[in-house]
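The values are calculated or read from the model by the stated rules, or taken from the named source; none is laboratory data. All values derive from a computational prediction rather than experimental measurement. So basically every Cβ, Gly included, is an ideal-geometry build from the backbone, and we count neighbours across all protein chains shown.
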C-alpha cells in the first residue's frame, strides 16, 4: 500500500495544559456536521502561492510545474485521502478528472477550491460508508464460508458502483470481526468495538478544519518533488522543532503511515521504546490506551497526525500500545505493550563500547565494539563555549583511546539502525581514522560543489577496522561508511544502507508572508545532495557492504529507492584523495571463509529462516475469512515458532523453563551479525599478518 512519507517524531514538551487523556481531546463530543462544507480563506491562498514559488526556484530538482506534474499531484492527493480506494467511486474520480491537468495552474494562482471540493466529497462518501458499516454489523458474520480478503488495493481500480464498494467493505469488516473473534471477543464486544472504531475515525475527519485540508493538499504537492520535502502545519512544525531539541519527552519513536496502519519508521536511541526493547521498526500500532486502566482506542484507518495525538504525552505517564509485530502476518493476533513516556537525554544516545572475544583459526582475538546510535552533538554547549560539551567525535575518540589501552586487536564500529544526525560529526568522526583529505562532497541547487575536508591531520586509530550497517543506517551514517570504504580504511559489513543522500532546510513561512495574529507553517525543502569522494552520490543506492548479510527489509519496503519521487542516483567528478589501503584484494578470500562458516552455523540458518518467514508474510496477498482455516494457520505458525525457539535455545545453551521467553532472533538482536563481523575482521587481521 502507498506509504505517506511525512514522518513525525513522537515527542512533546511538558505542558501543564496538555490533556492527560489525549483521546478525550480527539474524540470529544462537540458538534460535528457531515454536511458542513470546508472552504479555504485568503491566507491559505497566499501561502499556497509562496510555497509554489519556493519549490519552483529553490528545490534541488528544478522541477517545472506543468500538466504532467499536475497529473501526479492529482494522483497523490486522491491517494492521500483514499489510498485503499474504499471511499470514492469511479464516477467521483471521473468528475474530478477535469482538474487533473490544471493543478499546476491552480497552485500558481493560489486556487484551492478544487482541492477542498474533493475533500468535501470524501467526507460525504465517508458518511455513506459509516452508515453501511452500522447496517452490516447488525447481523453476525458466518465464518464457515470460504471467502478471502485482499488488504492491498494499491493496484486495484476504483469501485464502479455503491454495490461493488459495499462488497469490498463487507469483506473488510468481516476480516476485522474475524480477527477479534480469534482474539477471544464475543459478537457483542466485536460489534461494539468495530462500531466505535469507524465512528471515531469519522468523528476525527469531521473535526478537520481548513488548515488540515490545506496541509493534506500541500504535502501531496511537495511529495512530487521528493520524499523529504514536506509542508508542516503550525502544529506539525511544533512537533518537528521539539524533535530537534537536545532534551525530549515521549516514547521515542518516529512513525509513518502504511495504508490503514500506523507503522514504526525508527526507534530513537536512548528513548523509552529503545530501552524497553518492546517496539521495533516496521511494527504496526493498531490501538492506544492511556494509563493502566484507560480504554484501548482502535486507530486502524486513522491518519498519522491523529494517531500521534493519542501516543504522545507528558513525562512519567504510561501509554499502552496494541501492536502487530513486523515479523508476523496481518492475520496474527496483536500484542499489548506498555511504555512510560520519559525524557530522552543526549547522554543516553551516546556511543558505548564493549569487548568482543572471537576465536578464528585457533587464535583468540580481542575486539573493541563501539555502538553508535546517532551522530549527535550538543549545539548549545558548543555555542556557549563549554569545554566538555558532548559530541559523537569526542566520545568515540575517548572510547578509542580506552580500547587501545586494553590492547584490542581491532575495532568494530556498529552503525546499525543509526539514522544519521549531524553532518559535521560524520566528517570529524571520519577524521579519527584517516590522516587528512576530503570526506564528502555537497552539490546545491545552483550546481555549486563544496568539498568538506577532515579538519584534523592526526589519526587517533590506525588499526584494523570494520563498520557494520543495515537498511536503517541512513544519511550521516552513509557518509561515514562511504568515506571509510572509499579510502580503503576499513571493511563495510552488513546489509545495504537506506540511500538518503539529500539535504533539507527549514523555511519559516511567517518570514515570507506577513499575516497579523496568525501563525503559519514551515516548508522543509531539499536543496542539496551528498556525493562520495569518488563522485557517486549516496542517494538512492546507499552504501553496498563489502560482505553482505541477509536482511528482512528490502529496498522496496524500506529504502529510498522504494519511494516513487526519490531523486535519482548520479555522479560528479571525483575529489582528489589518497587511499589508506586497497582492501578489495582481500575480499575474495574473506568472502570464501565467510561462506564456509555460514554453511555450518545454525545461527545463520535461523537468520535465513527469519528472513524467509518475514518475506512470506509480507508477500501474502489474501487472507482467508474461514475461521477454521485461520485457526489452523495460526496453530501451525505458532508450533513452528515454538520448535525454532527450542532449537535455538538448545544451541545457545539456554533452558527455556528458566526464562519467560527465548531471546529475540538474530535478525532482531543482531547477535549473529556482530559475532560474524568479528570473525571477518579477525580473518582480515590474519591475512595482513600472513
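Among the residues of the range 519-526, is there at least one that is surrounded by fewer than 19 Cβ atoms within 10 Å (Cβ to Cβ) and not in a strand (DSSP E or B)? Yes: the range 519-526 contains one or more residues that are surrounded by fewer than 19 Cβ atoms within 10 Å (Cβ to Cβ) and not in a strand (DSSP E or B).
Across the range 325-335, not a single residue is classified as assigned to a strand (DSSP E or B) and under 30 Å from residue 392 (Cα atoms).
Per the listing 668, 657, 673, 645, the residue uniquely assigned to a helix (DSSP H, G or I), at pLDDT below 75 and surrounded by 15 or more Cβ atoms within 10 Å (Cβ to Cβ) is 668. Selection over the range 568-601 of residues that are within 21 Å of residue 483 (Cβ to Cβ) and touching a residue at least 12 places away in the same chain (Cβ under 8 Å) gives a count of 19. The sole residue among 522, 563 that is outside the structural domain of residue 47 (by TED's automatic domain parsing) and out of contact with any helix residue (DSSP H, G or I) (no Cβ under 7 Å at 6 or more places or on another chain) is 563.
Considering each residue of the range 565-580 in turn, none proves to be part of a helix (DSSP H, G or I) and surrounded by fewer than 17 Cβ atoms within 10 Å (Cβ to Cβ). When 491, 540 are screened for being out of contact with any strand residue (DSSP E or B) (no Cβ under 8 Å at 6 or more places or on another chain) and surrounded by 17 or more Cβ atoms within 10 Å (Cβ to Cβ), only 540 passes.
Of all the numbered requirements in (1) part of a helix (DSSP H, G or I); (2) farther than 25 Å from residue 155 by Cα, residue 63 misses one, and that requirement is (1). Every condition in (1) closer than 29 Å to residue 280 by Cα; (2) free of Cβ contacts under 8 Å to residues at least 40 places away in the same chain is met by residue 552 except one, and the failing one is (2).
The number of residues in the range 351-365 being in contact with a strand residue (DSSP E or B) (Cβ under 7 Å, 6 or more places away or on another chain), more than 21 Å from residue 395 (Cβ to Cβ) and surrounded by fewer than 19 Cβ atoms within 10 Å (Cβ to Cβ) comes to 2.
Out of 237, 220, one residue alone is in a helix (DSSP H, G or I), under 19 Å from the mean Cα position of the chain (by Cα), buried (at least 19 other Cβ atoms within 10 Å of the Cβ) and modelled with pLDDT of 90 or more. It is 220. Screening the range 603-629 for residues that are at pLDDT 80 or above and part of a loop (DSSP other than H, G, I, E, B) and picking the one that is surrounded by the most Cβ atoms within 10 Å (Cβ to Cβ) gives 625.
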